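What follows is a set of notes on a single structure, which appears directly below.
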Amino acid sequence: MSNPTVNTASSQSKAPIGGGFIVADTPASQVFIPEEFTEEQKMIGESVVEFMTREVHPVIHEMETDKGPSMQPGLLEKAGEMGFLALHIAPEYGGLGVDFNTGLLFGEKVAYGFSFATTIGAQTSIGSLPISFYGTKEQKEKYLPKLASGEWKCSYCLTEPDAGSDANSGKTRARLSPDGKHYILNGQKMWITNGGFANIFIVFAKVEDDKNLTAFIVQKAFGGITIGEEEKKLGIKGSSTVQVFFNDCPVPIENMLGEREGGFKMALNILNTGRIKLASGSVCGMKIATNQALKYAIERRQFDKSIAEFGAIQHKLANMVSMAFCNEAAVYRTGANIDRKHGELVAEGKDENQSILQAVREYAIECAIMKVHASEDVTYCVDEALQIYGGMGYSKEAGVEMGYRDARILRIYEGTSEINRMLSVGELFKRALKDKAFDLAAGAKSVPGAVMGQFLGGGGSGPYPLEKKMVDNLKRAFLIISGKAGQKFKLALADQQEIIISLADMLAKAYVAESGLLRLEKIRSKADKDPEMFAIQEDMFRVFLYEAIEKVKKSGRDAILSFAEGNDAKMLHWFLKRLTKGYNFNAKDARRRIAAYLIRKGEYPFV
């Protein structure tokens, strides 16, 4: 999928090891930041926003009614005419084959389509990517051009009534027909996005008595398919969500996708790509919520002045933009690393599609982290936006309640927040202990020396030494507490989900805070930066870091109290206290400066 839109400004060095950020010191020069998108990439993003404004926004309220799902096919076809459905498909099959980070930018901007973002996301990601990555040449030639144009619509059928997070426990079965020409498919799938109008279903089933799933490309025209009624949902009402029933559905043997029993691995790989794309869409949600809240706060007057002048409102606005700034940094840092790893694998002579899948797998930890962190931060932002609207926010008339409802699904699909928290920590330990990709134990052992060095006046380096020290300390807090937990429970740590959840939150805060700091350092080095805006970006990062330290302090304390006793507990509490103290930053004044800048600009201005 090599494409001229890829930005190689940060690809001079070798791609970092996935998850290795927790023990590595990453130079700002080696990360990609959103300010480095090319003009071509920006044009793609702008054209998507323009499309959503022109085609979706005028009918957004109608989409919230029962008519919503029936409106989606026509919008998909219009999106296909614009080339938006072809971005991830290789040029030889009618696509554009953009790089991964451009795909993330697309995923961010389609969120301006609200529930239509779910529709187009399913078409371009989990619906068509399995064929792009795993299909035979004949399968790609048959299906991808029509999916790229929007002539055919697709869906992804994995979840079942008794198989959600435990997808491999599904009961859908495929048996070979007596003449050996078809697999006969029987089973039930649920929560199927685009299922109400799809021509193509990517279906996961077990062949005979196989242990693992196999994937199939199933056309509705094959017969034996019954579509359930549209689900009545809390949010994303415009999207189609149905149950799909397969009753002796004949699937030609040539429509097996990938290898037999390779479906479970395929599903995990596709979900990794979906997770980070949901994170980019969540960043857009943060920006939308900020813009809605800002506009209303400026216009709404109480006690003879705009409510945007009140400190309590400014506090909310500043937190919202600070979250967007740092989450955005982490999302595109991850995407660029995937592109770099992909390029390295292709240069080694490896298959194009397998290279991108392997690159995404390499950063499965970061993808899981960002899916959780960004989805929970956008939930905070839309909640605060509604609060700024006050009673008007509770009314459909204002429109902000739609975003509040739509955002809630982000913490559930593509793996719940709980599943992804456990995945991020579990995969980190696997990489360290089984794969020997990096040494967590050595990282934990280095913490006492680092703390002693800080007692003697040592600390961070670079243009932001205090902030650098605090970010490194967030990593150290994770390392020493997770190290002790690992020593105590060993393999049984996987059963201590409450502890893992606390550790996952510490890990996520370290990654996002570091990403925000690296973005800040790289902007600082640019000669053409806007000095006034940059001063506000410094404030935004510091506000985020201030909050992150407090959250790591709480998560660390929760983890320690959950397993440590005696001297171990005293030691861990002492280290946690030392590692999370010393950031004496006036967040109140910084938030006021941020809010004042936003009010002058009238919208989110940071890319």
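What follows is calculated from the coordinates using simple rules that are stated; it is not laboratory data. Please read these numbers as outputs of a predicted model, since none were measured by experiment. In this analysis, Cβ positions are derived from the backbone assuming ideal geometry, glycine residues included, and neighbour counts consider all displayed protein chains.
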Space enclosed by the convex hull of the alpha-carbon atoms of segment 436-601, per residue, Å³ = 134
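Among 250-258, 108-116, 265-273, how do they line up from the highest to the lowest mean number of other beta-carbon atoms within 10 Å?
Going by the mean number of other Cβ atoms within 10 Å, highest first, we get 108-116, 265-273, 250-258.
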Output ³J(HN,Hα) for segment 36-49: one whole-Hz value per residue in order, computed from phi by the Karplus curve 6.51 cos²θ - 1.76 cosθ + 1.60 with θ = phi - 60°, and x for Gly and Pro.
-> 9, 4, 6, 4, 5, 5, 4, 5, 4, x, 5, 5, 5, 4
A correct Karplus calculation of ³J(HN,Hα) over segment 95-105, with 6.51 cos²θ - 1.76 cosθ + 1.60, θ = phi - 60°, whole Hz and x for Gly and Pro, returns x, 10, x, 6, 6, 5, 5, 5, x, 5, 4
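May I ask for the net charge around Leu268, where only other residues with Cβ less than 14 Å from the Cβ of Leu268 are counted and Lys, Arg are +1 while Asp, Glu are -1? Each step should come with its number before you reach the end.
Numbers: positive: Lys265, Arg275, Arg361, Lys371, Lys430; negative: Asp166, Glu261, Glu362, Glu414, Glu427.
For residues surrounding Leu268, the net value is 0.
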So how do 88-94, 207-213, 419-425 stack up, highest first, on mean other-Cβ count within 10 Å?
-> 419-425, 88-94, 207-213
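Give me Lys153, Lys67 ranked fewest to most by other Cβ atoms within 10 Å of their Cβ, as a rough exposure proxy.
On the way: Lys153 27, Lys67 11.
The most exposed by this proxy come first: Lys67, Lys153.
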Cβ-based exposure ranking for Arg542, Arg524, in which fewest neighbours within 10 Å come first = Arg524, Arg542
In terms of the Cα gyration tensor, with a ≥ b ≥ c the square roots of its eigenvalues, is segment 319-477 rounded because a/c is under 1.5, prolate because a/b exceeds b/c, or oblate?
-> oblate
With no solvent and one point on each alpha carbon, what is the Debye value of log10 I(q)/I(0) for the chain at q = 0.10 Å⁻¹?
-> -0.89
Going by how many other beta carbons lie within 10 Å of each one, how would you line up Met63, Met190, Met392, fewest first?
-> Met392, Met190, Met63
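If a/c stays under 1.5 just call it rounded; otherwise compare a/b with b/c (prolate if a/b is bigger, oblate if not). Do that for segment 20-153, with a ≥ b ≥ c from the square roots of the Cα gyration tensor eigenvalues.
Numbers: a/c = 2.01, a/b = 1.28, b/c = 1.57.
In terms of gyration-tensor shape, oblate.
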Peptides 95-105, 359-369 ordered by average Cβ neighbours within 10 Å, highest first | 359-369, 95-105
Out of residues 5 or more away from Leu257 or on other chains, whose amide H comes under 5 Å of its own, with H placed 1.01 Å from N in the peptide plane?
-> Ala215, Phe216, Ile217
Tell me, what HN-Hα J-couplings in whole Hz come from the Karplus equation 6.51 cos²θ - 1.76 cosθ + 1.60 at θ = phi - 60° for each residue of segment 366-382, using x for Gly and Pro?
-> 5, 4, 5, 4, 6, 4, 5, 5, 5, 5, 7, 5, 5, 4, 4, 5, 5
Calculated FRET efficiency, Ala347 and Lys430, Cβ-Cβ r, R0 22 Å, to nearest 0.05?
-> 0.25
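Please give the calculated 222 nm ellipticity per residue for the chain, where each DSSP H segment of at least 4 residues contributes -39500 (n - 2.57) and the sum is spread over every residue; nearest 500 deg cm²/dmol? Working shown, then result.
Values: 20 runs with 330 residues, N = 607.
Value at 222 nm, helices only, nearest 500: -18000 deg cm²/dmol.
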Just add up the charged neighbours of Lys396: K/R +1, D/E -1, any other residue whose Cβ is under 14 Å from the Cβ of Lys396.
-> -3
Here the averaged projected area of segment 196-245, based on the convex hull of its alpha-carbon atoms and given in nm², is 4.6
Given backbone amide H placed at 1.01 Å from N, residues whose amide H is under 5 Å from that of Arg300, ignoring those fewer than 5 places away on the same chain, are Ile307
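Ratio of segment 157-313's C-alpha Rg to 2.2 N^0.38 Å, to two decimals? Don't jump to the answer; show the numbers that get you there.
Working: Rg = 22.2 Å, N = 157, 2.2 N^0.38 = 15.0 Å.
So segment 157-313 has a normalised radius of gyration of 1.48.
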